[in-house]
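Visitor: Got a structure for you, questions after.
The values are calculated or read from the model by the stated rules, or taken from the named source; none is laboratory data. Because the structure is a prediction, the values reported are computed rather than measured. Positions of Cβ are generated from backbone atoms using ideal geometry, with glycine treated the same way; all protein chains shown enter the neighbour counts.
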Number of protein chains: 4
Amino acid sequence: MLYFLSDYTEGCHPKVLERLAETNLVSQPGYGEDIWSRAAAEKLRAACAMPEAEVFFLSGGTQANLVVISALLRRHEAVVAAETGHINVHEAGAIEFTGHKVIALPAHEGKLDAAELEAHMAAFYADATHAHMPFPGMVYISQPTELGTLYSRAELAALYDVCRRRDMPLFIDGARLGYGLTSPKCDMTLPELAALCDVFYIGGTKVGALCGEAVVFRPGVCPRGFVTMTKQQGAMLAKGRLLGVQFDALFTDGLYWEISRHAVAQAMRLRAAFVEKGCPLYADSPTNQQFVILTAEQKARLEKEAAFNVWAPLPDGRFAVRFVTSWATRPEDIDALRALL
Amino acid sequence: MLYFLSDYTEGCHPKVLERLAETNLVSQPGYGEDIWSRAAAEKLRAACAMPEAEVFFLSGGTQANLVVISALLRRHEAVVAAETGHINVHEAGAIEFTGHKVIALPAHEGKLDAAELEAHMAAFYADATHAHMPFPGMVYISQPTELGTLYSRAELAALYDVCRRRDMPLFIDGARLGYGLTSPKCDMTLPELAALCDVFYIGGTKVGALCGEAVVFRPGVCPRGFVTMTKQQGAMLAKGRLLGVQFDALFTDGLYWEISRHAVAQAMRLRAAFVEKGCPLYADSPTNQQFVILTAEQKARLEKEAAFNVWAPLPDGRFAVRFVTSWATRPEDIDALRALL
Amino acid sequence: MLYFLSDYTEGCHPKVLERLAETNLVSQPGYGEDIWSRAAAEKLRAACAMPEAEVFFLSGGTQANLVVISALLRRHEAVVAAETGHINVHEAGAIEFTGHKVIALPAHEGKLDAAELEAHMAAFYADATHAHMPFPGMVYISQPTELGTLYSRAELAALYDVCRRRDMPLFIDGARLGYGLTSPKCDMTLPELAALCDVFYIGGTKVGALCGEAVVFRPGVCPRGFVTMTKQQGAMLAKGRLLGVQFDALFTDGLYWEISRHAVAQAMRLRAAFVEKGCPLYADSPTNQQFVILTAEQKARLEKEAAFNVWAPLPDGRFAVRFVTSWATRPEDIDALRALL
Amino acid sequence: MLYFLSDYTEGCHPKVLERLAETNLVSQPGYGEDIWSRAAAEKLRAACAMPEAEVFFLSGGTQANLVVISALLRRHEAVVAAETGHINVHEAGAIEFTGHKVIALPAHEGKLDAAELEAHMAAFYADATHAHMPFPGMVYISQPTELGTLYSRAELAALYDVCRRRDMPLFIDGARLGYGLTSPKCDMTLPELAALCDVFYIGGTKVGALCGEAVVFRPGVCPRGFVTMTKQQGAMLAKGRLLGVQFDALFTDGLYWEISRHAVAQAMRLRAAFVEKGCPLYADSPTNQQFVILTAEQKARLEKEAAFNVWAPLPDGRFAVRFVTSWATRPEDIDALRALL
């Protein structure tokens, strides 16, 4: 079976596992105070060119989203997101469970539009009854988006500009950040992205780790008591080293970028194969998730040999489906899939 | 440095790591729907002699506590715990953050007393104003307790009897369950424990895994929507296999019990060494945590060569300190420590 | 100044005040256990033709909404509402503060459509990832809606039918229920409405009381512990009699209906005046709130002599404005306003 | 029947009712923006000698407690209270429902001790694991306490001193504040009390109003968005005038003090009667609640003619009972009760 279900269907990149094995018997304190967590944080600060950044390691994406958002919002504030945003759709109401509304704005290929955000803010403050409404207190986006699309540097700068003028932190969900930054269509570097937001996370789970996301706060943004809040939400691992060692491995000798580039390259080959075979694209993604449209017959045939995701049934009876690549995708898998088309 | 700081200061037992390596490249679905999670659940049901139990894997102890407790309590209910209970002291207000009070009853060497629980319940319902008070809705204990002590089978049966009469689920935090069940002082088996509560967890993080706790619900206890609740609290790993593989390894060929017995045996040797050298015990623990009393001078001397925990300063200037053993404790470490005393 | 700002800009109907004065010195227990609260509940059960209904008095609309919704939803469930629904827009994120998402469906003149609700439910359960999404757990509507419009009996029956098939309680916000049921366009009685939902409230604050809403649960719907939940949310008045006495007065000799009919009659006169003068209607409301469109010039002129609400600025420079009537609206006020047009 | 059940068993003081009647037909905006709410706030600022204080009116005591506490605490903080404090015992877990722990310290006749508070704080910060514990973020006391006792000015100053050094706001629950400040044993004025805390409320419900508590924030303490938070918790009345008019009446011509003095005077007569008849006092209260000890026989006899509260059954078979006076207590009621003893 060819496996394109997602980028979290295997264990971790062999070099990550190797590093876990090498460090396994070394005694170190728990709760993230180990040497690898410190070393990894240092490497991340360097990679972000932000030497005073505060770095924390959490286990997963939903956890990172809910811990960061509920730490930054005041009691009466809500988070603004694209209507297709992960926090608005696929996190089981996690943000609301912490007491905050998600204000959903229209998504354009998964992206928020800066002008629409500004219009929303202007309308909010112009409304005489706005004290009776949850205040838009921060903005959440993801890079790449749910549809694998990317904010350009100009788009991100425009959004961040609105956020700063409106005094709202901008938070970037980077569960698949590596695949965004190594995309041929990406026009920004990690330090450039870091400079265009207040807090973001660098995803590990979907980019070669067993688990783990690295939250990076611009200096001065991280609220007092953040460590206690992670404990309060069950997000602090006793063996914090599990996260530290993995991120240390990922950010040694460029492994994170190597993994990301590999997956994107295979995704581009996969996309080319579909296009060549006349399958229309459902979304124009330059990253490791590819969305194509299949007829019911094509879908049925492919399902016999390949594992992939049905994204949405279309009104005309066809299906939008998703194929995802990762470090574990072998070039020959793409060849094999291509042969099936 | 001799390391007795805790049972989460190394990676995982080598056999667990081996199993992670063996399975690393196998493609499997995420979110706990992999073959190892299923196999591990099956092995746990067998080990508990409870073939219809529902088993879920979560990342850590605080997470397991807050997810289970907030899933079982109704809106207006509180959880009863010993005043020294982990949820009442060291979880950063995690239970309260989910909206529920912790009702603290007196602790007797870390344990709740069944008669006191019954008296509390009787007084609660006798109070004419009890509709203005949070209802005691479930009971939380840990086995072993924070002080390494154990409930006897009779004590647990008495507690569970009160719980059933009062229609309150009984939940056992088993973060160190292995060390309890393999203690020479323990008079119950895992199936016996499973039969004397409604839900409990078998700790992995502190018993040889990198992370992971296995929550076991007696049939009929697990609330509808529990999986969604784990997602809602950021407690669902995309690579659920990380937990499944580790528990599969721990419950293959008795590894969990082997790890536990080893740590308890070393703890008993450590205890004997302290007693022999005339250091008084702070608590009478038959499990892998040993609490002894040191003078300031003894403490200062030992700290040069060994890592351990200061539990509490005592009024007379001495210190209660904690030494913990694990799978990673080598017999020669105990010898070396003994030589230092 | 002619006052059409809202239906809560005066005190209470004189007969309500009279009843407060008459009963003022009578000693009665607190917390709603007084004779008037009991009598009022009995009168409401009779008015609803639901002799086993459970009735509770709360202080205000947002309070009633958040207490009822958070009492009925399970931990992982969300409430479905029209996107224009009060809970989704003007309650400061009150529902989310209790931990639950508001799922907003399209509004048709303020109303939910039964077919769209069913389509939403079907799509939800058909989605393979729905366990990662908040479950639609109940439905919230208001009668009349935010725009003063009414559900017909057939529309309500269709909605309730979907709710019952999908096992979701239907909750009707009746903050202005009197104005709905006495509208010339209304085709249902109070007992008929009561029979087409699981819980609703009969608004007092906006229909002649100083404060107070009467929540009516169909038998078997009210969750165990509801009284404790009202206390837990600060919604229980020590002098519960304040609410009981007022509802007792409102439901004696048909005062509630008299107040409602009066306000609707004046609203119909007001509407006729605007229509006659050529002012277009912004919404077609048959109840006590009238929405008309004014030019900037008309608005500026009227504002000198009358108090009303700007509902929304329109793209063409005109304004949607709202005029509201109540028991306190004098027929001569309408005449005077008419003369101003 | 002689009625001593509580101070909320009648309506409101006749002068309050009169003022409600006088203002009933005046049209004014809702949500506390009416002229009386403004006038009352001004009168309260004057009474507190704090011209820049921020004043808000809420409906009841539990509501005031939960709204203020959850507005002032950060996410990871808890409120410190006496173990007998109302928020710890009789508010149905309201504080915890907003996500925060109540840290209970020993009560001395219902009061917190400054030295014990400081010792708690010192121990907290000395604990190496304190980042894993909820941070003590504010202190809650009541004046008078649950037992009717009073903090002296020196005691209050000592507590506030600890609070300021530890950077924790001090909040005083003044549900019965009038009865405290007019007690013959009270050594502080309202301005003095206001100067020895950060926020407090002046109770109306139990001191002559139908409902209402006036929250007074020292300048700079009230968090941004507080009005929105009151809406978010269902604590904002549409007819905010109901609270404004009542407090305006209570603080006109010293009515609040007159009511309070009357009740305390009657309580002192009642106390003298019990003492004279040889009934021991259960608590030494100089305010409007009197706690005495009755034998079962005395209790049974009195219950035939008088309504009062059983506070607690005593181990020796006797009962601690509570008698409460208010504006509605007639001097002849005390005479009658005395005759019964």
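Visitor: Go through (1) within 12 Å of another protein chain (Cβ to nearest Cβ); (2) in a loop (DSSP other than H, G, I, E, B) one by one and return the number of the condition residue A:63 breaks.
Guide: (2)
Visitor: Kindly establish whether residue C:116 is touching a strand residue (DSSP E or B) at 6+ places or on another chain (Cβ under 8 Å) and acidic (Asp, Glu).
Guide: yes
Visitor: Assuming residue A:171 fulfils every condition listed in (1) within 14 Å of chain B (Cβ to nearest Cβ); (2) farther than 29 Å from residue A:22 by Cβ apart from one, which condition is it?
Guide: Against the list (1) within 14 Å of chain B (Cβ to nearest Cβ); (2) farther than 29 Å from residue A:22 by Cβ, residue A:171 comes up short only on (1).
Visitor: Can you spot a residue in region A:32-50 that is facing another protein chain (nearest Cβ under 10 Å), at pLDDT 95 or above and closer than 26 Å to residue B:1 by Cβ?
Guide: yes
Visitor: Exactly one condition in (1) out of contact with any strand residue (DSSP E or B) (no Cβ under 6 Å at 6 or more places or on another chain); (2) within 10 Å of another protein chain (Cβ to nearest Cβ); (3) over 29 Å from residue D:120 (Cβ atoms) is false for residue D:27; which is it?
Guide: Going through the list (1) out of contact with any strand residue (DSSP E or B) (no Cβ under 6 Å at 6 or more places or on another chain); (2) within 10 Å of another protein chain (Cβ to nearest Cβ); (3) over 29 Å from residue D:120 (Cβ atoms), residue D:27 breaks only (1).
Visitor: Tell me which residues, restricted to region A:281-305, are touching a residue at least 40 places away in the same chain (Cβ under 8 Å) and in contact with a helix residue (DSSP H, G or I) (Cβ under 6 Å, 6 or more places away or on another chain).
Guide: A:287, A:288, A:290, A:305
Visitor: Right, here's the next one. If you go through region C:72-109, how many residues are assigned to a loop (DSSP other than H, G, I, E, B), small (Gly, Ala, Ser), surrounded by 23 or more Cβ atoms within 10 Å (Cβ to Cβ) and more than 7 Å from every other protein chain (Cβ to nearest Cβ)?
Guide: Looking only at that region, the number is 1.
Visitor: Now for a different question. I need a count of the residues in region D:16-49 that are within 25 Å of the chain's Cα centre (by Cα) and β-branched (Val, Ile, Thr).
Guide: Summing the residues that are within 25 Å of the chain's Cα centre (by Cα) and β-branched (Val, Ile, Thr) in region D:16-49 gives 1.
Visitor: Within region D:140-157, is there a residue that is hydrophobic (A, V, I, L, M, F, W, C), surrounded by 24 or more Cβ atoms within 10 Å (Cβ to Cβ), at negative phi and in contact with a helix residue (DSSP H, G or I) (Cβ under 6 Å, 6 or more places away or on another chain)?
Guide: Yes: one or more hits.
Visitor: Sort out which residues of region B:222-255 are touching a helix residue (DSSP H, G or I) at 6+ places or on another chain (Cβ under 6 Å) and among the small types (Gly, Ala, Ser), and write them in order of number.
Guide: B:234, B:235, B:240, B:244, B:249
Visitor: Looking at region C:218-259 only, could you name the residues that are touching an Asp or Glu at 6+ places or on another chain (Cβ under 7 Å) and either of a type in the set (Val, Ile, Thr) or within 24 Å of residue C:25 (Cα to Cα) (or both)?
Guide: Matches in region C:218-259: C:221, C:240, C:241, C:244.
Visitor: Say whether the condition of being crowded, with 23+ Cβ neighbours inside 10 Å and touching a strand residue (DSSP E or B) at 6+ places or on another chain (Cβ under 8 Å) is met by at least one residue in region B:292-313.
Guide: Checking region B:292-313: at least one residue is crowded, with 23+ Cβ neighbours inside 10 Å and touching a strand residue (DSSP E or B) at 6+ places or on another chain (Cβ under 8 Å).
Visitor: Additional query: Quick check on this structure: which one of C:54, C:77 is in contact with a Gly (Cβ under 6 Å, 6 or more places away or on another chain) and not β-branched (Val, Ile, Thr)?
Guide: The conditions single out C:77.
Visitor: Next up: Here are some conditions: (1) closer than 16 Å to residue D:148 by Cβ; (2) not in a helix (DSSP H, G or I). Residue D:266 meets all but one. Which one does it not meet?
Guide: Among (1) closer than 16 Å to residue D:148 by Cβ; (2) not in a helix (DSSP H, G or I), residue D:266 violates only (2).
Visitor: Separate question: Go through region A:256-280 and give me each residue that's among the aromatic types (Phe, Trp, Tyr) and in contact with a helix residue (DSSP H, G or I) (Cβ under 6 Å, 6 or more places away or on another chain).
Guide: Within region A:256-280, just A:256 meets the criteria.
Visitor: Okay, next question. Name the one entry in A:281, A:242, A:237, A:270 that is buried (at least 18 other Cβ atoms within 10 Å of the Cβ) and away from chain B (no Cβ under 14 Å).
Guide: A:270
Visitor: With respect to residue C:19, determine if the residue is more than 12 Å from chain D (Cβ to nearest Cβ), part of a helix (DSSP H, G or I) and either touching a residue at least 24 places away in the same chain (Cβ under 8 Å) or among the aromatic types (Phe, Trp, Tyr) (or both).
Guide: For residue C:19, the condition - more than 12 Å from chain D (Cβ to nearest Cβ), part of a helix (DSSP H, G or I) and either touching a residue at least 24 places away in the same chain (Cβ under 8 Å) or among the aromatic types (Phe, Trp, Tyr) (or both) - is not met.
Visitor: Filtering region B:245-267 down to residues that are more than 14 Å from every other protein chain (Cβ to nearest Cβ), hydrophobic (A, V, I, L, M, F, W, C) and over 30 Å from residue B:320 (Cα atoms), which residue is surrounded by the most Cβ atoms within 10 Å (Cβ to Cβ)?
Guide: Out of the qualifying residues, it is B:250.
Visitor: Of the residues that sit in region C:132-151 and are of a type in the set (A, V, I, L, M) and away from every other protein chain (no Cβ under 14 Å), which one is nearest to residue A:321 (Cα to Cα)?
Guide: Per the stated criteria, the residue is C:139.
Visitor: Counting only residues that are in a helix (DSSP H, G or I) and surrounded by fewer than 22 Cβ atoms within 10 Å (Cβ to Cβ), how many does region A:36-53 have?
Guide: 7
Visitor: Scan region A:254-271 and report the pairs whose first residue is acidic (Asp, Glu) and whose second residue is part of a helix (DSSP H, G or I), with Cβ atoms within less than 6 Å and a gap of 6+ or a chain change.
Guide: Note: no pairs meet the criteria.
Visitor: Still on this model: Of D:128, D:122, D:195, which residue is surrounded by fewer than 22 Cβ atoms within 10 Å (Cβ to Cβ) and modelled with pLDDT under 95?
Guide: D:128
Visitor: On to the next question. Name every residue in region A:306-321 that is touching a residue at least 60 places away in the same chain (Cβ under 8 Å) and not hydrophobic (A, V, I, L, M, F, W, C), in order of residue number.
Guide: A:309
Visitor: So residue C:129 passes all but one of these: (1) within 14 Å of chain A (Cβ to nearest Cβ); (2) hydroxyl-bearing (Ser, Thr, Tyr); (3) in contact (Cβ under 8 Å) with a residue 60 or more places away in the chain. Which condition number does it fail?
Guide: Going through (1) within 14 Å of chain A (Cβ to nearest Cβ); (2) hydroxyl-bearing (Ser, Thr, Tyr); (3) in contact (Cβ under 8 Å) with a residue 60 or more places away in the chain one by one, residue C:129 breaks only (3).
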